[in-house]
Amino acid sequence: MSLPPILTDDAAIVRLVRDLRSEPVIAVDLEADSLHSYQEKVCLLQISTPTRTVLVDPLAVKDLSPLAPVLADPAIGKIFHAADYDIRCLYRDFGMEVRGLFDTMIASQMLGEERVGLADVLAKHLDIHLDKRYQRADWSQRPLEEGMVRYAMEDTCHLHRLAAILEQRLRQMGRLNWAEEEFALLEQVRPSENSGPLFLRVKGAGLLDRRQLAALEELLQWRDGEACRRDRPPFKIIGNKTLLGFAQRLPRNLQDAEGIEGFSARLAERYGRVLLGAVGKALDMPREQWPVYPRGERRERDPALEERLKKLKTVRADMAGQLAMDPGILVNNAQLEALAKECPVNAAQLGELGILKNWQREALGDQLLGALITT
């Protein structure tokens, strides 16, 4: 299979858009540099029709806006695999929205596939085996290696055939409307805005006391600034576990810091003093300035609610077995907890609550109501 062209100028994008407008369905994917840059960005777009694939270089093209109406046109189908990340990136970097979505990963989940990665489903349904060696590559580098170009092409050029197979199976199983509801909801996702203290993003921060939390925030703020200065992801400066270890131990010198996980001699030489400085700053901070980790309202134990939730989970497990679906895809724990709390007594109340999606009410709404009524 020959390598696809890489479009690098505005005129080529205009010509591509003209061609795409006559296509009923296109397949789309993107590559970003999240593992290699402080602020990730889209570095490549892959677009396939049933007969050809082209790559778009957004680092070279000055104006990608002509593509926006095509992606937003629901009359032109868009096949993605695992579209959530792509949709967020397209909106964040270019303000582009996607309509007319068919997500082959969600389709696979609705069909009860155990393994839903692109390589897995292509191998199962089309006997195509992807070379994933470039999965963690730096897509901001130029020129792209031939292997990277081929890798990028493979992510979309088979999606038309795969989607046709999955759509047919969804129709046969009466689940196409289930998938379509999920597609429509996925079209609405947008990038999340990270706000508040950085420690909220670190697993284990909730176990620290307030002084330790102040130290962790100082360490994280320093790391974020260093990552920005060096244009690298924060985790490549120093890992969360190491910073958490500093916050827990609150070392006053390098000897005190010995044995902290991940704190190598190289890191000690390069960053030891600045890390100790961040800890010292927190130790000198007045108590009233120490941060407080936000806690949810503590609930009193409710045996009746717990019993309802237990019955709902039993129903879910039974229905997941009958439908050959992952229980968490069928209905998640948060939804079951909300149902146990609200305890609707009929289908009308169940619908008004809006806890379940339409397809979920169709698939197991009666069974869940039955469990609640008999509790």
Name the single residue that is nearest to the chain's Cα centre (by Cα) among those in segment 57-98 being among the acidic types (Asp, Glu) and in a loop (DSSP other than H, G, I, E, B).
GLU97
Does any residue in segment 38-56 that is under 30 Å from LEU220 (Cβ atoms) and in a loop (DSSP other than H, G, I, E, B) come within less than 7 Å, Cβ to Cβ, of a residue that is open to solvent by 10 Å² or more (accessible area, probe 1.4 Å) and not aromatic (Phe, Trp, Tyr) six or more places away or on a different chain, and which pairs are these?
TYR38/CYS228; TYR38/ASP231; TYR38/ARG232; GLU40/ALA32; GLU40/SER34; LYS41/ALA32; LYS41/ASP93
Being free of Cβ contacts under 8 Å to residues at least 60 places away in the same chain and among the aromatic types (Phe, Trp, Tyr) is the filter; apply it to segment 120-157 and report the residue that is farthest from PRO4 (Cα to Cα).
TYR134
Could you grab me the full set of residues in segment 119-150 that are farther than 17 Å from LEU45 by Cα and assigned to a helix (DSSP H, G or I)?
ALA119, ASP120, VAL121, LEU122, ALA123, LYS124, HIS125, LEU126
Of the candidates TYR134, TYR151, the one satisfying the condition of being touching a Gly at 6+ places or on another chain (Cβ under 9 Å), aromatic (Phe, Trp, Tyr) and farther than 30 Å from LEU330 by Cα is TYR134
Quick test of your reading of the structure: LEU122 fulfils all but one of (1) open to solvent by less than 40 Å² (accessible area, probe 1.4 Å); (2) under 19 Å from the mean Cα position of the chain (by Cα). Name the failing condition by number.
(2)
Of these, ARG308, ARG361, which one is open to solvent by less than 70 Å² (accessible area, probe 1.4 Å), in contact with a helix residue (DSSP H, G or I) (Cβ under 9 Å, 6 or more places away or on another chain), assigned to a helix (DSSP H, G or I) and not assigned by the TED database to the domain that holds ARG210?
ARG308
From the option list ASP318, ASP366, ASP284, single residue qualifying as in the same structural domain as LEU219 (by the TED database), open to solvent by 30 Å² or more (accessible area, probe 1.4 Å) and among the acidic types (Asp, Glu) is ASP284
Quick one: how many residues across segment 26-37 are assigned to a strand (DSSP E or B) and out of contact with any His (no Cβ under 9 Å at 6 or more places or on another chain)?
4
Subset of segment 99-115 that is aliphatic (A, V, I, L, M) and outside any helix (DSSP H, G or I) - its residue that is nearest to GLU187 (Cα to Cα):
LEU101
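The values are calculated or read from the model by the stated rules, or taken from the named source; none is laboratory data. The shown structure was predicted, so the numbers you read here are calculated from the model rather than taken from an experiment. Cβ: placed from backbone, ideal geometry, glycine included. Neighbour counts: every protein chain shown. The protein model used for the area step is the full one, side chains on, heavy atoms only, and it has no ligands, DNA or RNA in it. Shrake-Rupley method; radii C 1.70, N 1.55, O 1.52, S 1.80 Å.
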